[in-house]
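Trainee: Sending over a structure as structure tokens; questions will come in a sec.
The values are calculated or read from the model by the stated rules, or taken from the named source; none is laboratory data. Source: prediction; values computed, not measured. So basically every Cβ, Gly included, is an ideal-geometry build from the backbone, and we count neighbours across all protein chains shown. To get the accessible areas, we keep the full protein, side chains included, count just its heavy atoms, and leave off ligands, DNA and RNA. Shrake-Rupley method; radii C 1.70, N 1.55, O 1.52, S 1.80 Å.
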Amino acid sequence: MERSRDQNRLIVSTSPHIRSEETTQHIVWSVNLALLPAALMGIYFFGPMAAAIIAVSITTAVLCEYGYQKALKKRVTIDDGSAVLTGLLFGLTLPPSVPLYIPFVGSFVAIVLAKQLFGGLGFNIFNPALIGRAFVQISFPKLMTVWLEPTAAFVFIDAKTTATPLGILKEEGLQKLLEHSGTYLNLYTNMLFGHRPGSLGETSVVALLMGAAFLLYRRYISWHIPVSFLSTAGLLAWVFGGSEGLFTGDPVLHLLSGGIILSAFFMATDYVTSPSIRKGQIIFGIGCGFLTMLIRLKGGYPEGVMFAILLMNCFSPLIDRSFRSNVFGAAERKGLLK
Amino acid sequence: MSDANQISYWELIKNGILKENTIFKLALSLCPAIAVTTSLKNGFFMGVAVVFVQVMVNLTVSAMRKFIHQRIRLPIFMLVISGWVTVVNLLMDAYVPDVYKEVGLYIQLIVAFASILARAEMFASKNRLTPSLFDGLGMGLGFLVALVFISIFRELFGKGTILGVSIIGAKPLLILVLPAGGFFAVGILMALFNWLYARYAAKPGAH
Amino acid sequence: MTGKDILKITLNLAVIYIAGGLIIALVHAATSPIRYHNKVVAEELALKSLVPDADKIEKLGDWKIHEKDAKYFVAKKGEATIGYIVQSYGKGYSSYINTLIAVDRDFRVKKVKILDQKETPGLGDEIEEDSFTDLLKGKDADHLKVLKTETTEYVQAITGATISSRAVTDDAVRNGVKFIKATITGGGAGHVGR
């Protein structure tokens, strides 16, 4: 009994919409399922090491959650799937060449520092997987910027290190990127299916969109954040992303590269760390898109989605509150005028 | 507090280091605690500067406590503090120039430390010279000890060195020497300190 | 407030100001030669370490880069000029990087020393290490260019710190070398890009 009450409380606190037949547990496991195609594509392209990285990441996350809750004599909640999801998401954002202690450290930080110390699921301000990612990005900057050429063969071979499309775009420009793959069509198809260097789970746009479509169809996520996020980023890429002045950028290229698809559908939509009011979600998405492009085009890093979402996470409670108080304020004003 | 002679001097020092530790218990002066603790050397000299200022301010205020008019005591305290900070600033620039180059700005900021003004107002202006000396020493040492622990933690795990000497041979967690990691380090050590202190204070016979 | 209070307050402030002023003046007087010595010696040592075989280093003049004042020197052995030293700044990731560059008579880099920088610890601050500054040795202005790929002809960027590598190589050192070359060969203050 204790248990079902807890679960109901979680649903109410994270989302104001009535979905009595859905439990948090069910939703979280569905998101895990939706990420499976992308994970499999990552393993297909980057080989057995990719599978090992994801496995270490998930195992560490689950063990940390279990250990922390045991140590503090709290109820163990690893069966709700949220630790698995954090581990999986974090693993998918890693470059395929990292040594296995990086998923270990990152998952530990994600679960213990970013989630449990704030009070566990439902109380964390920042997306745990992204905090883990930011932590290892800053701690191991060299290891985190080594990218592998996809091999698309499930064998242990020394894959060539290379730069990501975004890295090349930033450092050497679009022409260089085209040289690599020949035609625009080749470039786009490669990026669509995930035959490009990048993080494990971010490269295969098709697999990610399949998962996203499933979640949208089941209404586990709403379109507001991903659509406003991606359209803002695309618009800004088109206006400011070109090398020959305004309106010469390539929005499609920017949307297919980096981790923007993975992040827009699976991270920015996290119930706990994004606004729960529709209007607020659109503001949140626009903010994410704006910050992403600001970092990509003007910042020191080639990719900016991680910091963009983390920064917008800070504003989520504020966005939610400002939209609520607007309604109260309007009523009050009316009363005063009478 | 005025009958401080009943408390032993050792108690006064222990109070500053444990019960009212500026950083770990009062959570004051966190800005320099994060800014200067990227290496043990910087953290140590910053702590020494604070010990010096706290002791000298306490002594000065205590010596003048009957002479100072109540109405302008706070401006007088501030003048005394800024005077001693200027002195320590000049001394460090002269004798430890390489440390001063990195922490100089924060040495000057000691003027604005809440803990120093608070001890002058709450303790030194009401007590005789010797207790004020030990109170200043305790509070200053509390800050020094905290800074030393934080900087050992950050230098060892962030750069893999202690006092510039390589211990680990790699940079295990670079984030610790960056500002973001400074917050992590202070938070983790603060939790550890309070956990240990709670266990210590719970023991019978301890204060 | 009575007259007595005002008198006491005045006396308070007077005593504090006089005593404080005296103490600070004394400390200042006692430490001032040491502080001056520190700065001069530090600069001399830095210059000397750049051209160890020179027995005389003379200041030639001042120039400006990134709105900052910089100096340049000539290094002599006996009466013969064996090289030049120029101070220069580069705009890095999070700071202006203050560098000293020694060049030989053909204006090739002999040695580069980073005097001051506040780049990202663990990444950008590796520009201070010999493993990076040695890459610049022997290069002339045309070859002071950072590439992200493996290269010995040009300068290979530090992994993950391209901006800082570029700030030193393409900005500070290249502009410094161009300036000293133009100044010495052209006779006057030469034109420097940027």
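Trainee: Cβ-Cβ distance below 8 Å, separation of 6 or more or different chains: which pairs start in segment B:186-199 with a residue that is without any contact (Cβ under 8 Å) to a residue 60 or more places away in the chain and under 20 Å from B:E155 (Cβ atoms) and end on one that is in a helix (DSSP H, G or I) and open to solvent by 40 Å² or more (accessible area, probe 1.4 Å)?
Mentor: Filtered contacts from segment B:186-199: B:I188/B:F153.
Trainee: Only residues that are out of contact with any Gly (no Cβ under 7 Å at 6 or more places or on another chain) and crowded, with 24+ Cβ neighbours inside 10 Å: list them for segment A:275-292, please.
Mentor: Once the filter is applied, which keeps residues that are out of contact with any Gly (no Cβ under 7 Å at 6 or more places or on another chain) and crowded, with 24+ Cβ neighbours inside 10 Å, segment A:275-292 yields A:P275, A:Q281, A:F284, A:G285, A:C288, A:G289.
Trainee: Find all pairs meeting these conditions: Cβ atoms under 8 angstrom apart; at least six residues apart or on different chains; first residue within segment B:42-68 and in contact (Cβ under 8 Å) with a residue 40 or more places away in the chain and within 12 Å of chain C (Cβ to nearest Cβ); second residue outside any helix (DSSP H, G or I) and hydroxyl-bearing (S, T, Y).
Mentor: Close Cβ pairs (under 8 Å, with a partner that is outside any helix (DSSP H, G or I) and hydroxyl-bearing (S, T, Y)) do not exist here.
Trainee: Sticking with this one: Could you list, in sequence order, all residues of segment B:100-148 that are among the acidic types (D, E) and within 14 Å of another protein chain (Cβ to nearest Cβ)?
Mentor: Answer for segment B:100-148, where residues must be among the acidic types (D, E) and within 14 Å of another protein chain (Cβ to nearest Cβ): just B:E102.
Trainee: If C:D62 meets every condition in (1) within 14 Å of chain B (Cβ to nearest Cβ); (2) within 16 Å of the chain's Cα centre (by Cα) apart from one, which number is that one?
Mentor: Going through (1) within 14 Å of chain B (Cβ to nearest Cβ); (2) within 16 Å of the chain's Cα centre (by Cα) one by one, C:D62 breaks only (1).
Trainee: Let me ask something else. Within segment A:251-274, is even one residue among the hydrophobic types (A, V, I, L, M, F, W, C), over 25 Å from A:I131 (Cα atoms) and either open to solvent by 10 Å² or more (accessible area, probe 1.4 Å) or assigned to a loop (DSSP other than H, G, I, E, B) (or both)?
Mentor: Yes - at least one qualifying residue is present in segment A:251-274.
Trainee: In segment A:76-89, is there at least one residue being within 24 Å of A:T162 (Cα to Cα) and either out of contact with any strand residue (DSSP E or B) (no Cβ under 8 Å at 6 or more places or on another chain) or not in a loop (DSSP other than H, G, I, E, B) (or both)?
Mentor: Within segment A:76-89, one or more residues are within 24 Å of A:T162 (Cα to Cα) and either out of contact with any strand residue (DSSP E or B) (no Cβ under 8 Å at 6 or more places or on another chain) or not in a loop (DSSP other than H, G, I, E, B) (or both).
Trainee: Taking A:G234 as the residue in question, decide whether it is in contact (Cβ under 8 Å) with a residue 12 or more places away in the chain, part of a loop (DSSP other than H, G, I, E, B) and buried (at least 16 other Cβ atoms within 10 Å of the Cβ).
Mentor: no
Trainee: Only residues that are closer than 15 Å to A:I111 by Cβ and open to solvent by less than 20 Å² (accessible area, probe 1.4 Å): list them for segment A:29-63, please.
Mentor: Selection gives A:S57, A:T60, A:A61.
Trainee: Taking the criterion of being more than 10 Å from chain C (Cβ to nearest Cβ), under 30 Å from C:K4 (Cβ atoms) and either in contact with a helix residue (DSSP H, G or I) (Cβ under 6 Å, 6 or more places away or on another chain) or not in a helix (DSSP H, G or I) (or both), would at least one residue in segment B:86-99 satisfy it?
Mentor: no
Trainee: Out of the residues in segment B:156-191 that are within 17 Å of the chain's Cα centre (by Cα) and away from every other protein chain (no Cβ under 13 Å), state the one that is nearest to B:S39 (Cα to Cα).
Mentor: Among those residues, the one meeting the criterion is B:V186.
Trainee: Among the residues of segment C:117-146, which ones are of a type in the set (V, I, T) and within 19 Å of C:V86 (Cα to Cα)?
Mentor: Looking only at segment C:117-146, we keep the residues that are of a type in the set (V, I, T), and these are C:120, C:127, C:133, C:146.
If the condition is that a residue be of a type in the set (V, I, T) and within 19 Å of C:V86 (Cα to Cα), then C:I127, C:T133 are the ones that fit.
Trainee: Answer with yes or no whether C:I34 is facing chain B (nearest Cβ under 8 Å), under 26 Å from the mean Cα position of the chain (by Cα) and modelled with pLDDT of 85 or more.
Mentor: Judged against the criteria, C:I34 is a match.
Listed here are the residues, each with its yes/no results for (1) more than 14 Å from chain B (Cβ to nearest Cβ); (2) among the basic types (K, R).
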position: C:S88; (1), (2): yes, no
position: C:S94; (1), (2): no, no
position: C:N98; (1), (2): no, no
position: C:R108; (1), (2): yes, yes
position: C:E129; (1), (2): no, no
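Trainee: Going by the conditions given, is B:F153 more than 13 Å from chain C (Cβ to nearest Cβ) and either within 16 Å of the chain's Cα centre (by Cα) or surrounded by 16 or more Cβ atoms within 10 Å (Cβ to Cβ) (or both)?
Mentor: yes
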